[in-house]
Amino acid sequence: MSWSAGPGPAGRTAQPDIASQTGPYATTAAPVSGAPVSPGGSPMYGGSHRRARNGTRKVLDQRPLWQRPKLLSLAAAFVATAFMAADGKLRIIPFHLFSGAADGTVSVALDKVVNEFRPHKQLGAGVDGLEGGEIAKVWTEKNIGAMKSAGWGAISYRLRTELGVKAWHWNPTGTWSNAAAKEGYWTSSDTITKDAGVSYGYHLPRRGNTIDQANNDAFAKLTDGDPNSFWKSNPYLDSRFTGEPDAEHAQWIMIGLGFAKPVQDVTINWGTPYATRFKVQYWSGSNDAIHPSHPTANWKDFPNAEFAGTGGKQTVTVADSPVNAQFVRIVLTADSDTGPAGSTDVRDRLGYAVRELSIGYSKDGSFVDHVVHRKDQKQSPTWVSSTDPWHRASDLDKDYEHASFERTYASGLTNNEPMMIPVPVLYGIPEDAAALISYLKKKKYPFTQVEMGEEPDGQMATPEDYGALYLQVADAIKKVAPDVEMGGPGYQTVLPDWIHWADETGDKSWTSRFVKYLQGRDRMDDFDFFSFEWYPFDDVCGNQAKQIAQHPAMFDALIEKQYEHGLPRDVPMVITEYGYSSFAGQVELEFPGAIVNAETAARFLARGGHTSYFYGLEPNWVFQEEEGKPCNTYGNLMMLQFHDDFQIRPLVGYYAAQLVTRHWVEPGNDEHQMLETTSNLVLPDGNPQVTAYGVKRPDGKVSVMLINKDPKKEVTVELEGTGGDLDGPVQMYQYSSEQYDWEPGPVEESGGKPRKSLPPQKTSHRSPKVTLPPYSISVVHAER
């Protein structure tokens, strides 16, 4: 597991080799200055000039020794105490830690337990799909060893196909509903005789969304200009499968016109089946129908809104004179129940199919069509309520791949813990989900929870439609595994809350409506956990100090809103992915990113959360997205950076992970107790400057994570115990700019590299008063 930081300025030493650490959880200490050390013991760069933490040069004191007031105190400090780094060298602790008042206090309520948890089961990480051919390059024995050495426990298997509007063949062996033509609805076999090593997704030829949550490598069939292609809704939302009236699961098409344009006529080229009843609406009250947060904005019927569908090519006039609209929605409430000629599969005649849409108005006897019809992402964008998971063998997409389950379990990445398993809900069928669970049981592969789908809110599915599909998949799974734990929805991150267009009662809350759907059918027993993703900051060019200061309040508010919206407090919460942002930025390779990661893991437990999964376990490359171009920033969610033909080196996220998994908690699965912990250090805007998270470990130690969010100010804090005693010597593991600094670089040179990347520093103190550098994460151990 050897790695280096690559070439650096002349005279600098290579970065540490993880394999050189002694013991399974050892942490090599950095020198006091954070600089590599020459054989003679002096810093090898920086010359004779000492620098303050902000990089400014310190002026050496030229007074005689007897005129220097600090001399005696420094001497006393040397005699009184020292710190021992993991390399065995004796280091001085500055005496000011033991004299004078602290800047603030962190109080640990030793008698107030707010949660109990087992680290190796409840502090995990996720693995995801990768580009075609990369699993073999990323999942090498060396890389897997490096990933495991971060200390995360259980694994969550993420499902990229559910984000990319694709069907997933988790097993390449299975059956088509139309076996002769190798097309239709796919069910994988629950037996695998030869492991393929990877699995793939399949494009859906009846796709209705222009935009997806993955790669946007396809387009909608509604505005592609091809009369032979068509969108079709999911037949499993028909009354035949839901047991509920079709109007309760009305399907819809939304189209964006770019900006408000005059709309008078709508032309629909129907496929089979078609809608026998539909209405046409426009978005009113704001210019954003995709994120409907405006309190009064909603869909409004055109003056002439309701129509009977005829099939074929049908033009309807929605207003006697044009109405300006940016977003138009067609709501489909009853279907023709007709199928293509020769079809014998009932699913072919359920739902709604549309070949092409045109929206505009008549001018001088000619129709002005606002819709851009083309076969790429530059078409007029459409969003749909659902998509038929029907596909063909020829729709195979090898541009992305997932590791097979055999490969995943054999790799050792699961750390002998049960894995969280995904099953498709939006773009799969219930029988295929049940086959996956049957296969895992046959193989005796341990799994703990089944997440039903992923990010249905990001696909703009309604809570009720997701609920109907959820229950059908749950019914199929329970036939093969009656006791399995199932949950969801696996939200993407939306702040301040997860919402959808208001229903007839005005309710916009996704959680409220999903829970009501299950409760109304007496099915809450099939909702074993509530899952979501946490990427709080879309703006990777924003004020990082302000963002991380606001992080705890944002996190707490979102969780509390779910309870206010009806989520029962006895339903466990799970964060299935987390990181600074879902977009790439340099901030993810620096301390603000590491702070958000460490705080998410700790704060979630402090809020009563059950399990969290860090995203960024697998090594990756630095890259740039559109969101990073305004500030020319490059980054990625990762703790190990690829460079120079898939070599790896550790980043800030790696050592921050070790602080959590190796030092804040005691490695293993013995029960830990989360203690109520508070800090009185605040920033001028009222947000916390220092956040703190106390744990009572099974080895008897009280372990407190301390995060200084001030980018410039060093602070001294004193730990105090209530309901018990925290006085006495402490040990501290500290991670700051003394150990790590990122140097951005051109993308052709891996996008940058760490100037230094050293492990956290271990020190010993005779009292629970410690200094926290700017932008730092520290863990203090107190014996009790």
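The mean sequence distance of close C-alpha pairs (under 8 Å, at least 6 residues apart), as a share of the length of the chain, puts its relative contact order at 18 percent. Placing dummy labels 7 Å off each Cα toward the beta-carbon, the span from Asp111 to Glu714 is 3.8 nm.
The relative contact order of region 194-261, computed from alpha carbon pairs under 8 Å that lie at least 6 residues apart in sequence, is 21 percent. Over all other residues within a Cβ to Cβ distance under 12 Å of Gly412, the charged ones net out to 0, with Lys and Arg as +1 and Asp and Glu as -1.
What residues from region 536-559 fall in the zone where the backbone N is under 19 Å from a label point 7 Å along the Cα-to-C-beta line of Gln519? Under 19 Å, as judged by backbone N against the label point of Gln519, lie 559 of region 536-559.
Relative to the longest principal axis of the Cα atoms of the chain, helix 463-480 runs at roughly 80 degrees. With a Förster radius of 60 Å applied to the C-beta separation of Glu248 and Arg766, the computed FRET efficiency comes to 0.30. Here the accessible area of region 692-784 is 43 percent carbon and sulfur, with a 1.4 angstrom probe and all protein chains present. Couplings 3J(HN,Hα) of region 351-363, computed from phi: x, 9, 10, 9, 8, 7, 10, 9, 9, x, 7, 9, 9 Hz, in residue order, whole Hz [Karplus 6.51 cos²θ - 1.76 cosθ + 1.60, θ = phi - 60°; x for Gly and Pro]. Shown in residue order for region 685-696 are the 3J(HN,Hα) couplings computed by the Karplus curve 6.51 cos²θ - 1.76 cosθ + 1.60 at θ = phi - 60°: 7, x, 6, x, 8, 10, 10, 9, 9, x, 9, 9 Hz (x for Gly and Pro).
Take the alpha-carbon centre of region 582-624, take the same for region 424-446, and report the distance between them in whole Å. One Cα centre to the other: 29 Å.
For Tyr157, the solvent-accessible surface with a 1.4 Å probe is about 10 Å², rounded to the nearest 10. Charge dipole of the chain (Cα centre as origin; +1 on each Lys and Arg Cβ, -1 on each Asp and Glu Cβ, all else neutral): 2600 debye, rounded to the nearest 20. Can you classify region 514-585 as rounded, prolate or oblate using the Cα gyration tensor, where a ≥ b ≥ c are the square roots of its eigenvalues, rounded means a/c under 1.5, and otherwise it's prolate if a/b beats b/c and oblate if not? Prolate is the answer for region 514-585, as a/c is 1.5 or above and a/b outweighs b/c.
Leaving out same-chain residues fewer than 8 places away, which lysines sit with a Cα under 30 Å from that of Lys712? Partners within reach: Lys58, Lys70, Lys89, Lys546, Lys629, Lys753, Lys756, Lys762, Lys769. Size of region 666-784 from its Cα atoms: along the principal axes, largest to smallest, the extents are 56, 39, 25 Å.
For region 424-504, the spherically averaged projection of the C-alpha convex hull amounts to 6.0 nm².
When only Cα pairs below 8 angstrom with a gap of at least 6 residues are kept, region 367-461 shows a relative contact order of 32 percent. With a cut-off of 15 Å between beta carbons, the residues surrounding Ala481 carry a summed charge of -4, where Lys and Arg count +1 and Asp and Glu -1. Rolling a 1.4 Å probe over the heavy atoms of the protein chains gives region 599-651 an accessible area of 34 Å² per residue. Spatially, region 469-518 and region 109-173 are offset by 23 Å when compared through their Cα centroids.
For region 96-184, the solvent-accessible area works out to 35 Å² per residue, with a probe of 1.4 Å and every protein chain left in place. Our estimate of slack between Ser366 and Lys442, defined as 0.36 nm per intervening residue step minus the Cα-Cα distance, is 20.9 nm.
Helical content of the chain, expressed as a calculated mean residue ellipticity at 222 nm, amounts to -5000 deg cm²/dmol (DSSP H runs of 4 or more residues, -39,500 (n - 2.57) each, divided by residue number, nearest 500). Between the residues Trp252, Ala180, Trp231, the greatest Cα displacement towards the positive end of the dipole of region 179-265, with unit charges on the Cβ of Lys, Arg, Asp and Glu, is found for Ala180. Near Gly721, within a Cβ-to-Cβ distance under 15 Å, what is the net charge of the other residues, with Lys and Arg +1 and Asp and Glu -1? It works out to a net charge of -1.
Legend: calculated FRET efficiency, Asn228 to Asp570, from the Cβ-Cβ distance at R0 = 45 Å, rounded to 0.05, equals 0.30. For Lys442, a cut-off of 17 angstrom between C-alpha atoms picks up these lysines, skipping any fewer than 8 places away in its own chain: Lys194, Lys478, Lys479. The long axis of helix 591-606 is offset from the longest Cα principal axis of the chain by roughly 80 degrees. Accessible surface of region 227-309, 1.4 Å probe: 48 percent of it comes from carbon and sulfur atoms. Checked against a 23 Å cut-off, the cross-linked pairs Lys232/Lys279; Lys398/Lys443; Lys166/Lys508; Lys221/Lys516 give Cα-Cα distances beyond that limit for Lys398/Lys443; Lys166/Lys508; Lys221/Lys516.
Around the amide H of Gln251, modelled in the peptide plane, lie the amide H atoms of Leu332, all under 5 Å away and 5 or more residues distant in sequence or on another chain. Using the Cα gyration tensor of region 610-703, with a ≥ b ≥ c the square roots of its eigenvalues, what is the shape: rounded (a/c below 1.5), prolate (a/b larger than b/c) or oblate (neither)? Taking the square roots of the gyration eigenvalues as a ≥ b ≥ c, region 610-703 is oblate. Compared with the dominant principal axis of the Cα atoms in the chain, helix 544-564 is inclined by about 50°.
The values are calculated or read from the model by the stated rules, or taken from the named source; none is laboratory data. A quick note: this is a predicted structure, and the numbers were derived from the prediction, not measured. Note that each Cβ is placed from the backbone with ideal geometry, even for glycine, and that neighbours are counted across all protein chains shown. We work out accessible area using only protein heavy atoms, side chains counted, and drop any ligands, DNA or RNA first. Shrake-Rupley method; radii C 1.70, N 1.55, O 1.52, S 1.80 Å.
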